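Asks: Just passing along the structure, written as C-alpha cells.
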C-alpha cells in the first residue's frame, strides 16, 4: 500500500520554477517502487535519486542557479552548459523540505478513492467488493464499512450542492430552456436546425459552429442511394455569406485582383454577372495568383435593375476562410470604415424605398403585442432576468461588432451576412420534385387586403402591377419545373427567385415520398420546357426579394409562431384541412440555386446535382420539417464529404493543402490520428516503421515536392553528362547528400502550390491519357502535344514545385485509405499487370525497425537509472548517439516544431520520429504522393481515391512508362504491404 | 432484383462519341475556344419491365437481367431501349433472348429520334464568350420482347 502511494506521489512534487518533465516522473516512479519493495528508507531515498547520489553527481545534475531539476535528465548536454559552482544552501534545503512535506502529506492522507481492497493481493480480490463488504476478508471489513459510510456521506454532500439548480421540470420549462439554450449558443453558433439535429446526429464543434457530423442510425448506403435516386438534404447555413454592394465596374476591378483568368472563369464570367448563374472561383490573396490561395468560394450576382449600375454580390465561403477572405476583401476594396450596427446603411435600389415607410410606421404593432406578452411572463419570474428571446443568427457575436464596412474612395459597401440567410442543399435527381411538392408559389392578396395599408411586405407588393407580373412569371417557371424528370437536365448553376407560401400550411399528415408526377407528360407545355432546359431561367426571373434587407427583416420579424399556427389549425371547421385564407404573414421570398453535379470525367455525368434553397433567417425550421416530410434523407458533414468524393471534386478544407485552412485542418487531423494511435497499447499498434510508412498521419507535401524537383534536376544534369543514362536511377547516397544541402537552403520559404492553371491541367490530363474509371474506353484527346522530354522540361520550369490533384481508380482489388502512398511501378510490376490476376500484386518487403533497439535501450536505461544511477549517463549518451548513426541523417529539421519536440522527448513505438529521411526513395517503389480521401466508391463499383502527386514526379514517371501503361501507378495503404494497381486521372 | 439498383449507372443510354461528329457540323464551334459538355439524355419515367441498355455494363449481365425479368420476374413483356451506340447491343440482347427461348418469345421493334443537349463552355473566361447550348439528334430503338398471347 505504501509503495503504491509513493508511485503516484512524485508527480505532485514540484519545486517552483523547475521544469519537471514527464520523463523524470516516470523514472522516479520506477525507483520509488523498487526502494519501497526493499522496504528500507522508503521515505527519503525513494523520492529522488539525485539525493542519494554522490556530491559530484549532484553538481552535475544542477541545472539552473535558482531552480533544481529533479530526477535524471536525458539530454546530457544541458548539464554541461550552465553548471554553477555553488549550491546555495537555503534554496537547496527549501527544495528538499517542500518535497518531504508533500510526501508526508501524501502518505498520511487517505483519499476517498483509496479502497481497502487495494491492499489485498490480486488473487484475493473479488468482483463487486466495493458494494458488498462481505466479499472482503473479515479483518478488513470494519475499515471497509467505515470508509463506505464516509464515501456515502461525501457523495450525498456533493449531490446536495448540485440540487441547488432547479428541478428538471423547472429546467425544462420553455423560458428557462430557452435561456439555457441561449447560454450554450454563446460559444459555438447553433444553426436553426440545431435541436433537430442534436436529437438525431453526432454533433461536432467545428469552425465555431455546432454541426451534425453523421446520423446516429446506420444510413451510409441509404444516403448514397438517396443522392443517386431520390434526394438528400443538408443544412449548409454555416457557410458564410459576404455581401458586396457598389458600382459594377469598381467591384469587378477590385475583385479581379483576387482571381486569375488562368484558373477558369472569374467573377466577371458572362452568365454569372447577369445574375443567371451561380459561379465558383478559387480566391487568392490579392495579386499573388499562383501562390497563397485562400480557398474556393461561390458567388451570386443580383440581376441588374433597369437604369442602375449599382450591383449587389453575394460571396459564399466556408467559415474557416471567412476571416481571411473578409480582410482580403476589405483590402482590395479599401473598405475600412466600419459602420456601427444600429445605423445600418441599406443601400438598396430605388424600388424598395416606398415599401420602407409603411413598414416603419407599423413596426409598433407587433412590438406592442410582444411587450404585453413578455410582461406577463416576466411577472412570474424575477424581474432582473432578461426575457428569454430566441437567438436568431449569430449568437456568439456581440451586438456592437461591426458587420458593415464602407469605402469612401470606391463606394463599395461590404456587409457580413453570416447566419443571416439559411441555406439548405438538396442533392439528388428528385430534388426538384421535393421542392415542387413542398413549396407553393405565394397566393396573391385579395382586394380587401390590398386596400388597407399593412405592415407586412407582401400586401404592399401586391399593389404593384409589375411586381405581380414578375411573380406570375416566376411561378410559371416553377410550375414547369415539376415536369422535369431529373435535376441534372437543367443547365448547371441556374438561379430562380420566387416567393412562396408558408410551407407549414401544406404539411402532410404523414411522411410521404415525393415522386415526380408521371402522368402530366402529355399536357406539358413542351416548348417552354425545352426553352427552360436549353436556356435556363431568363434574367428577370432570377430576381428575388431575398436580396433586400428590409424585406428579409420584415419576413423574419413577422414570422408566425408554431403555437399560433396550431391554434389557427385547431379552429378550422374540418380538422386537417388547409387554412383557407392564407395568413398574410406567410409569404417568404426565397432563392433556388441549381448545383451542378459531376462535371468532370466521362461516367456518371451530373451525378449529385441538386438545388440550394436560400431562405431568410428565422424560417429555417418552418421549411426544414416540410422538406423532411417529403421523404428526403438527411446527411451531415460526413455525407457532404462523400458527395464531393463521388462527384470527383475537391472538398474544401480536406483537399486544399496549400490554403491556410487546409494546413490547419491537416494539423488537426494529425493530432487526432496520433492521439488515437497512442491510445492503443504498443503491442497492438500498427508498426508503421516496419511497413515502411514514414508519415501515416500527415503528408509532408513540401518535402515531397522539393525532393522531386531535386531528382528531376539531377536527372537533367546526368542526361547532359551522359546521354545513354536518362533516368532517375541514381544512387541514393548522391541524391540524399544533395538533398540535405538543398533542403537547408530552401527551407526558409515553404510554399507548395496546387496546380490550378487550366491550360496546364489540360496538357497534363492529355498526357495521362484519361480513360474511364475501369480503363475500358479511351477517349479522344484534343490536340495535345506529344509527351517528350523537351515538353516536360518546359512544363517543369513553370510548375516545378507544385502538386496536382488526381483521381485514382483501382483496377482490381483494394480499398484505398487515408494517406495511402501513390508509388511508381517498376517495369517488372507492369509485367504482372498484363497477367490479369487479382492475386498478383507487388509487395513491399518488411522494413527493419531501427528504433526498436533504441526504445528498448531507453526503457532499460531508465530502469538502470534507478538501481545504479552512476551508469545511466553513459548508457543514455550511447542511446542518443547510436540511432543517429544508423538512421540516414537526412534532415528537414524544422519540419514542424510540435512533433519534433515530441520526438525528442519520447519515441513513439511504431512511428518514424522526426526528421524524416528521404520520402521518395524510402520504399522499394518510388513514391509520388499521398491520398487525401479514399474509399470504395459506390458509384464506380471499385476503390477510388483522391490525392495529390508531385507534378515533377508524375511527369518523370510518365516519361519513363511505356505507352500502353501510361498513367499506371501503385497504391499502398499505410497499414499494408500490398501494392495495388491504380489508374491516374486528371480531369479538368 | 428486377429493379435496377441504380438508374444512374444502369439506365443511361450512352451516346457514342462518334455520333457527335457525324450529326453536328463542326463549323459553328471552335474546339479550342469551347469545351463540349454533354448533358444526359432526357429521362422518362421508368416501369419495372423497361431495360435501358448501355455500353458500360457487361453484356452478359444485361442479358441475364432481361432473362430474369421474363422468367423470374413474371413479366409477360419487357422493353429493351438502346440509344446511339447501344442500339446494336439492344438488338443483340433481344435476339439472344429470342434464340434462347426456343421460339417462345416474339419481338417488335420501334425506332425513334432522341434530342440531346450539349453545353459549350467558353475556354476563355472573358465576358465576351457566352456559354452556348445546342441540340442534336440521335437514334434510338425500343424493342418489345414478349410472349405472344395463346389465342
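Residue-wise test of (1) within 14 Å of another protein chain (Cβ to nearest Cβ); (2) surrounded by fewer than 23 Cβ atoms within 10 Å (Cβ to Cβ); (3) more than 27 Å from residue A:328 (Cα to Cα).
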{"residue": "A:596", "(1), (2), (3)": "yes, yes, yes"}
{"residue": "A:612", "(1), (2), (3)": "no, no, no"}
{"residue": "A:631", "(1), (2), (3)": "no, yes, yes"}
{"residue": "A:635", "(1), (2), (3)": "no, no, yes"}
{"residue": "A:646", "(1), (2), (3)": "yes, yes, yes"}
{"residue": "A:659", "(1), (2), (3)": "no, no, no"}
{"residue": "A:663", "(1), (2), (3)": "no, yes, no"}
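Asks: Among the listed residues A:914, A:935, identify the single one that is over 24 Å from residue A:796 (Cβ atoms), outside any helix (DSSP H, G or I) and modelled with pLDDT of 85 or more. Outline the logic, then answer.
Replies: Details: A:914 fails: modelled with pLDDT of 85 or more.
Sole residue among the options that is over 24 Å from residue A:796 (Cβ atoms), outside any helix (DSSP H, G or I) and modelled with pLDDT of 85 or more: A:935.
Asks: Which condition does residue B:94 not pass, out of (1) assigned to a loop (DSSP other than H, G, I, E, B); (2) away from chain A (no Cβ under 11 Å); (3) surrounded by 13 or more Cβ atoms within 10 Å (Cβ to Cβ), if it passes all the others?
Replies: Of everything listed in (1) assigned to a loop (DSSP other than H, G, I, E, B); (2) away from chain A (no Cβ under 11 Å); (3) surrounded by 13 or more Cβ atoms within 10 Å (Cβ to Cβ), residue B:94 misses just condition (1).
Asks: Then there's this: What are the residues in segment A:524-534 that are part of a helix (DSSP H, G or I) and more than 21 Å from residue A:613 (Cα to Cα), if any? Steps first, please.
Replies: From segment A:524-534, those part of a helix (DSSP H, G or I) are A:526-534; that's our starting set.
Within segment A:524-534, A:526, A:527, A:528, A:529, A:530, A:531, A:534 qualify.
Asks: Name the residue, out of A:219, A:240, A:210, that is without any contact (Cβ under 8 Å) to a residue 60 or more places away in the chain and more than 14 Å from every other protein chain (Cβ to nearest Cβ).
Replies: Values: A:219 fails: without any contact (Cβ under 8 Å) to a residue 60 or more places away in the chain; A:240 fails: without any contact (Cβ under 8 Å) to a residue 60 or more places away in the chain.
That would be A:210, the only listed residue that is without any contact (Cβ under 8 Å) to a residue 60 or more places away in the chain and more than 14 Å from every other protein chain (Cβ to nearest Cβ).
Asks: Counting only residues that are at pLDDT below 70 and in contact with a helix residue (DSSP H, G or I) (Cβ under 6 Å, 6 or more places away or on another chain), which one in segment A:756-786 is farthest from the other protein chains (Cβ to nearest Cβ)?
Replies: Restricting attention to segment A:756-786, the residues satisfying the condition of being at pLDDT below 70 are A:769-786.
Subsequent filtering for residues that are in contact with a helix residue (DSSP H, G or I) (Cβ under 6 Å, 6 or more places away or on another chain) retains A:781, A:784-785.
Numbers: A:781: 11, A:784: 12, A:785: 14 Å.
This residue is A:785.
Asks: To continue, here is another question. Being farther than 18 Å from residue A:768 by Cα, over 27 Å from the mean Cα position of the chain (by Cα) and assigned to a strand (DSSP E or B) is the filter here, so list the residues in segment A:967-985 that pass it.
Replies: First, the residues of segment A:967-985 that are farther than 18 Å from residue A:768 by Cα: A:972-980.
Those still in the list that are over 27 Å from the mean Cα position of the chain (by Cα) too: A:977-980.
Listed by number, the residues that qualify are A:978, A:980.
Asks: Could you figure out which of (1) in a loop (DSSP other than H, G, I, E, B); (2) within 13 Å of another protein chain (Cβ to nearest Cβ) isn't true of residue A:224?
Replies: In the conditions (1) in a loop (DSSP other than H, G, I, E, B); (2) within 13 Å of another protein chain (Cβ to nearest Cβ), residue A:224 misses (1) alone.
Asks: For segment B:14-64, which positions are part of a helix (DSSP H, G or I), more than 9 Å from chain A (Cβ to nearest Cβ) and modelled with pLDDT under 80?
Replies: We begin by selecting, within segment B:14-64, every residue part of a helix (DSSP H, G or I); these are B:17-23, B:26-28, B:59-64.
Subsequent filtering for residues that are more than 9 Å from chain A (Cβ to nearest Cβ) retains B:18-23, B:26-28, B:59-64.
Across segment B:14-64, the qualifying residues are B:18, B:19, B:20, B:21, B:22, B:23, B:26, B:27, B:28.
Asks: Of the conditions (1) assigned to a loop (DSSP other than H, G, I, E, B); (2) more than 23 Å from residue A:910 (Cα to Cα), residue A:955 fails just one. Which one is it?
Replies: (1)
Asks: For residues that are under 26 Å from the mean Cα position of the chain (by Cα) and surrounded by fewer than 22 Cβ atoms within 10 Å (Cβ to Cβ), tally how many sit in segment A:243-258.
Replies: Going through segment A:243-258, the residues under 26 Å from the mean Cα position of the chain (by Cα) turn out to be A:243, A:258.
Filter once more, keeping what is surrounded by fewer than 22 Cβ atoms within 10 Å (Cβ to Cβ): A:243.
Of the residues in segment A:243-258, 1 are under 26 Å from the mean Cα position of the chain (by Cα) and surrounded by fewer than 22 Cβ atoms within 10 Å (Cβ to Cβ).
Asks: Give just the number: which of (1) out of contact with any helix residue (DSSP H, G or I) (no Cβ under 8 Å at 6 or more places or on another chain); (2) surrounded by fewer than 22 Cβ atoms within 10 Å (Cβ to Cβ); (3) touching a residue at least 24 places away in the same chain (Cβ under 8 Å) does residue A:580 not satisfy?
Replies: (3)
Asks: Based on what the data block shows, is residue B:87 away from chain A (no Cβ under 14 Å), at pLDDT 90 or above, under 27 Å from residue A:940 (Cβ atoms) and out of contact with any helix residue (DSSP H, G or I) (no Cβ under 6 Å at 6 or more places or on another chain)? So that I can check it myself, show each step before the final result.
Replies: Values: away from chain A (no Cβ under 14 Å): yes; at pLDDT 90 or above: yes; under 27 Å from residue A:940 (Cβ atoms): yes; out of contact with any helix residue (DSSP H, G or I) (no Cβ under 6 Å at 6 or more places or on another chain): yes.
Against the criterion (away from chain A (no Cβ under 14 Å), at pLDDT 90 or above, under 27 Å from residue A:940 (Cβ atoms) and out of contact with any helix residue (DSSP H, G or I) (no Cβ under 6 Å at 6 or more places or on another chain)), residue B:87 qualifies.
Asks: Go through segment A:647-684 residue by residue and tally those that are in contact with a strand residue (DSSP E or B) (Cβ under 6 Å, 6 or more places away or on another chain) and over 21 Å from residue A:699 (Cα atoms).
Replies: 0
Asks: Enumerate the helices (runs of 4 or more DSSP H) found wholly within segment A:407-476, keeping only those where 2 or more residues are at pLDDT 85 or above. Steps first, please.
Replies: Numbers: elements: A:431-438, A:447-451, A:457-462.
Those helices (runs of 4 or more DSSP H) span A:431-438.
Asks: Would you mention how many residues in segment B:68-91 are in contact (Cβ under 8 Å) with a residue 12 or more places away in the chain, on the phi > 0 side of the Ramachandran plot and surrounded by fewer than 20 Cβ atoms within 10 Å (Cβ to Cβ)? Before you say what the answer is, go through the steps one by one.
Replies: Looking only at segment B:68-91, we keep the residues that are in contact (Cβ under 8 Å) with a residue 12 or more places away in the chain, and these are B:68-70, B:72-73, B:75-87, B:89-91.
Right, trim to on the phi > 0 side of the Ramachandran plot and you get B:84.
Next cut, surrounded by fewer than 20 Cβ atoms within 10 Å (Cβ to Cβ) only: none.
Final tally of qualifying residues: 0.
Asks: Shifting gears a bit: With A:793, A:809, A:802 as the choices, which residue is modelled with pLDDT of 75 or more and within 14 Å of chain B (Cβ to nearest Cβ)?
Replies: On the way: A:793 fails: within 14 Å of chain B (Cβ to nearest Cβ); A:802 fails: within 14 Å of chain B (Cβ to nearest Cβ).
Just a single option satisfies the conditions, and that option is A:809.
Asks: Any residue that is surrounded by fewer than 20 Cβ atoms within 10 Å (Cβ to Cβ), free of Cβ contacts under 8 Å to residues at least 12 places away in the same chain and within 24 Å of the chain's Cα centre (by Cα) - is there at least one of those in segment A:275-286?
Replies: The answer is no, given that none of the residues of segment A:275-286 is surrounded by fewer than 20 Cβ atoms within 10 Å (Cβ to Cβ), free of Cβ contacts under 8 Å to residues at least 12 places away in the same chain and within 24 Å of the chain's Cα centre (by Cα).
Asks: Can you name the residue in segment A:74-109 that is surrounded by 11 or more Cβ atoms within 10 Å (Cβ to Cβ) and in a loop (DSSP other than H, G, I, E, B) and is also modelled with the highest pLDDT among such residues?
Replies: Filtering first and then ranking leaves A:88.
For (1) in a helix (DSSP H, G or I); (2) surrounded by fewer than 20 Cβ atoms within 10 Å (Cβ to Cβ); (3) more than 14 Å from chain B (Cβ to nearest Cβ), each residue gets a yes or a no:
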{"position": "A:541", "(1), (2), (3)": "yes, no, yes"}
{"position": "A:550", "(1), (2), (3)": "yes, yes, yes"}
{"position": "A:592", "(1), (2), (3)": "no, no, yes"}
{"position": "A:606", "(1), (2), (3)": "no, no, no"}
{"position": "A:625", "(1), (2), (3)": "yes, yes, yes"}
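The values are calculated or read from the model by the stated rules, or taken from the named source; none is laboratory data. Source: prediction; values computed, not measured. No Cβ is skipped: glycine too gets one built from the backbone with ideal geometry, and neighbour counts run over all protein chains shown.
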